[in-house]
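Engineer: What follows is a single structure, and I will ask about it in a moment.
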Amino acid sequence: MTTLVWFRQDLRVADNPALFEAAKLGPVVPVFVYEDASETGNVHPLGGASQWWLHHSLEALEKTLGSLVLLRGDARHVIPDLARTVGAGAVFWNRCYDGHAIERDTQIKSDLRDMELEVKSFNSALLFEPWEVRTKNGGPFKVYSPFWNAVKDRDIDPPLPAPEKLRIKDCSEGQTLADLKLLPENPDWAQGWNELWSVGEKGAQQRLHEFLKNDLEDYKTLRDRPDCPNVSRLSPHLHFGEISSRQIWRQVQDEMAATPEVSKDGWKFLSEIVWREFSHHILYEFPELPWRNWRSSFDAYPWSANETYLTAWQKGQTGYPIVDAGMRELWQTGYMHNRVRMIVASFLIKHLGISWKEGEAWFRDTLVDADLANNSASWQWVAGSGADAAPFFRIFNPMIQGAKFDPNGDYVRKWVPELKDLETKYLHAPFDAPAEKLEAAAIDLGRTYPSPIVDHATARKDALDGYEAVKAASNTRQSDG
């Protein structure tokens with residue numbers, strides 16, 4: 001029996017349950033459908049950086065499989081039509097957990113069964129299905145720490161190997177990868193990215209191997225240092241499913257068993273994998289997470305619509321070096337260090353008074369790892385409006401954050417080179433440097449590097465004043481209840 005295997009965010013061959021099970025039944029027709037959001041009603045289109053990654057990931061997968069049908073359109077029509085054309089007796093895929101995907105997949109599954117085809121979906125993206133991890137009361141977890149405690153000691157299914165025998169059925173259907181038009185043109189803002197990233201399943205495994213051997217040690221203490229290499233950079237590989245959480249879990253456990261002295265680092269890293277898991281579980285339970293406040297009282301916050309501030313933030317021209325360094329790293333590489341993501345997010349929300357939704361949208365367009373669940377949950381976490389959120393009154397001081405996590409200034413000097421000759425003492429607050437120090441470093445504030453677009457103390461007071469509206473709305477709801 002011919003089985004159609006619909007690839008989505010699972011662009012790998014090993015530990016791919018849908019492919020593994022389909023290979024047992026006979027010939028396989030692998031297909032990927034690129035869905036244009038304007039044609040499918042998905043309100044969260046794939047960003048430009050993610051499209052770049054997707055192009056190269058599909059290229060790698062096609063090379064591994066030997067053949068991959070590429071189609072563009074609405075999967076609700078494309079998948080049934082292709083199943084008819086190739087004479088498939090079954091259609092298998094691995095599950096996605098956002099609201100749009102669930103609604104789409106449910107309809108496709110019903111239509112295929114009406115065609116008397118066998119239809120199966122599998123879990124390839126998560127350690128546990130969202131409905132498998134519940135509180136004692138049977139509801140979903142809304143706080144991370146209890147979630148972590150509930151899953152960290154559970155048995156994790158071992159990752160599946162690649163199918164031993166995989167027969168790909170010849171199929172003349174489909175388009176070329178170039179037809180999908182995923183790469184940027186006029187201008188090609190991703191020039192040089194191929195040297196920064198090794199996209200695909202093979203690259204993901206190589207990156208994990210390098211991290212475990214070279215950068216896992218001291219991860220717990222150095223993961224917050226953007227000037228240090230002790231981060232995995234696996235997030236885009238995870239997002240596109242070039243590697244699975246199960247594969248990572250198993251290999252980290254093996255490394256800790258072989259090298260017990262890295263166990264604290266290993267468990268800290270695994271807790272970050274579970275934070276991703278938690279975000280996906282939250283998105284499953286609250287599909288409006290990407291565009292609606294988890295805590296409805298935040299609907300009362302008086303957000304600013306200052307386009308000048310938003311543009312300065314996007315371009316890394318705020319006058320706060322650690323913020324500007326992060327935003328420039330993002331634009332030039334499609335990636336930003338996690339600690340710096342929190343700093344720049346806090347700055348947008350609490351210094352500039354701009355809604356987290358603007359930040360979520362910018363990250364979704366510019367990050368190669370723009371995962372809908374992680375991106376939405378993390379932005380709402382910083383804003384204070386989400387599940388297990390940081391308190392709104394926790395407002396990062398960008399000067400202190402820079403000095404603490406980039407103490408030698410290496411990160412800022414790399415991404416904000418106009419400050420590279422300034423003494424480290426003043427690097428994270430050049431506006432406080434004596435005139436002679438700025439002159440010695442060839443810095444003319446307001447010309448060669450911007451003056452701060454907002455005053456820290458004033459912005460902090462304005463943010464807390466705005467939060468009073470949120471507390472008032474919350475108190476009103478509680479009294480009405």
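Engineer: For the stretch 424-451, which positions are charged (D, E, K, R) and surrounded by 14 or more Cβ atoms within 10 Å (Cβ to Cβ)?
Structural biologist: Keep residues of the stretch 424-451 that are charged (D, E, K, R), which gives 425, 432, 436-437, 439, 444, 447.
Listed by number, the list holds a single entry, 437.
Engineer: Further question on the same structure: Any residue that is within 18 Å of residue 93 (Cβ to Cβ), touching a residue at least 40 places away in the same chain (Cβ under 8 Å) and not in a loop (DSSP other than H, G, I, E, B) - is there at least one of those in the stretch 135-156?
Structural biologist: Residues of the stretch 135-156 within 18 Å of residue 93 (Cβ to Cβ): none.
Scanning the stretch 135-156, I find no residue that is within 18 Å of residue 93 (Cβ to Cβ), touching a residue at least 40 places away in the same chain (Cβ under 8 Å) and not in a loop (DSSP other than H, G, I, E, B), so the answer is no.
Engineer: Going through the stretch 156-205 one residue at a time, which ones are of a type in the set (Gly, Ala, Ser) and at positive phi? Even if it seems obvious, please write down each step before you answer.
Structural biologist: In the first step, residues of the stretch 156-205 are kept if they are of a type in the set (Gly, Ala, Ser); the result is 162, 172, 174, 178, 190, 192, 198, 200, 203-204.
Listed by number, the residues that qualify are 174, 192, 200.
Engineer: A follow-up question, please. Out of all the residues in the stretch 266-284, is one or more over 17 Å from residue 145 (Cα atoms), at pLDDT 95 or above and among the acidic types (Asp, Glu)?
Structural biologist: no
Engineer: Could you pull out the residue among 104, 95, 72 that is buried (at least 19 other Cβ atoms within 10 Å of the Cβ), touching a residue at least 40 places away in the same chain (Cβ under 8 Å) and under 26 Å from residue 287 (Cα atoms)?
Structural biologist: Numbers: 95 fails: touching a residue at least 40 places away in the same chain (Cβ under 8 Å); 72 fails: buried (at least 19 other Cβ atoms within 10 Å of the Cβ).
Result of the check over 104, 95, 72: 104.
Engineer: Now, a different point. Can you name every residue in the stretch 212-221 that is of a type outside the set (Ser, Thr, Tyr) and either surrounded by fewer than 17 Cβ atoms within 10 Å (Cβ to Cβ) or closer than 14 Å to residue 259 by Cα (or both)? Walk me through it before giving the result.
Structural biologist: To start, the set of residues in the stretch 212-221 that are of a type outside the set (Ser, Thr, Tyr) comprises 212-218, 220.
Those that are of a type outside the set (Ser, Thr, Tyr) and either surrounded by fewer than 17 Cβ atoms within 10 Å (Cβ to Cβ) or closer than 14 Å to residue 259 by Cα (or both): 212, 213, 214, 215, 216, 217, 218.
Engineer: Which is under 18 Å from residue 8 (Cα atoms) and either surrounded by 15 or more Cβ atoms within 10 Å (Cβ to Cβ) or more than 22 Å from the chain's Cα centre (by Cα) (or both), of 85, 176, 135? Working first, answer last.
Structural biologist: Numbers: 85 fails: under 18 Å from residue 8 (Cα atoms); 135 fails: under 18 Å from residue 8 (Cα atoms).
None of the others qualify; the one that does is 176.
Engineer: Give me the pairs: first residue in the stretch 410-423 and in contact (Cβ under 8 Å) with a residue 24 or more places away in the chain, second residue loosely packed, with under 15 Cβ neighbours inside 10 Å and among the hydroxyl-bearing types (Ser, Thr, Tyr), beta-carbon distance under 7 Å, and six or more apart or on different chains, which are they?
Structural biologist: 418/448
Engineer: Of everything in the stretch 30-73, what is among the acidic types (Asp, Glu) and modelled with pLDDT of 95 or more? Give them in sequence order. Reasoning before the result, please.
Structural biologist: In the first step, residues of the stretch 30-73 are kept if they are among the acidic types (Asp, Glu); the result is 35-36, 39, 59, 62.
Within the stretch 30-73, 59, 62 meet the criteria.
Engineer: Consider only pairs whose beta carbons are under 8 Å apart and that are at least six residues apart or on different chains; among these, list those whose first residue lies in the stretch 275-286 and is in contact (Cβ under 8 Å) with a residue 40 or more places away in the chain and more than 14 Å from residue 245 (Cα to Cα) and whose second residue is in a helix (DSSP H, G or I) and hydroxyl-bearing (Ser, Thr, Tyr).
Structural biologist: 283/376
Engineer: OK, next. When you go through 232, 271 one by one, which is the residue that is among the hydroxyl-bearing types (Ser, Thr, Tyr), assigned to a helix (DSSP H, G or I) and closer than 24 Å to residue 369 by Cα?
Structural biologist: Checking each option against the conditions leaves just 271.
The values are calculated or read from the model by the stated rules, or taken from the named source; none is laboratory data. Quick caveat: nothing in here was measured; it's all calculated off a predicted structure. Note: ideal-geometry Cβ built from the backbone for every residue, glycine included; neighbour counts use all protein chains shown.
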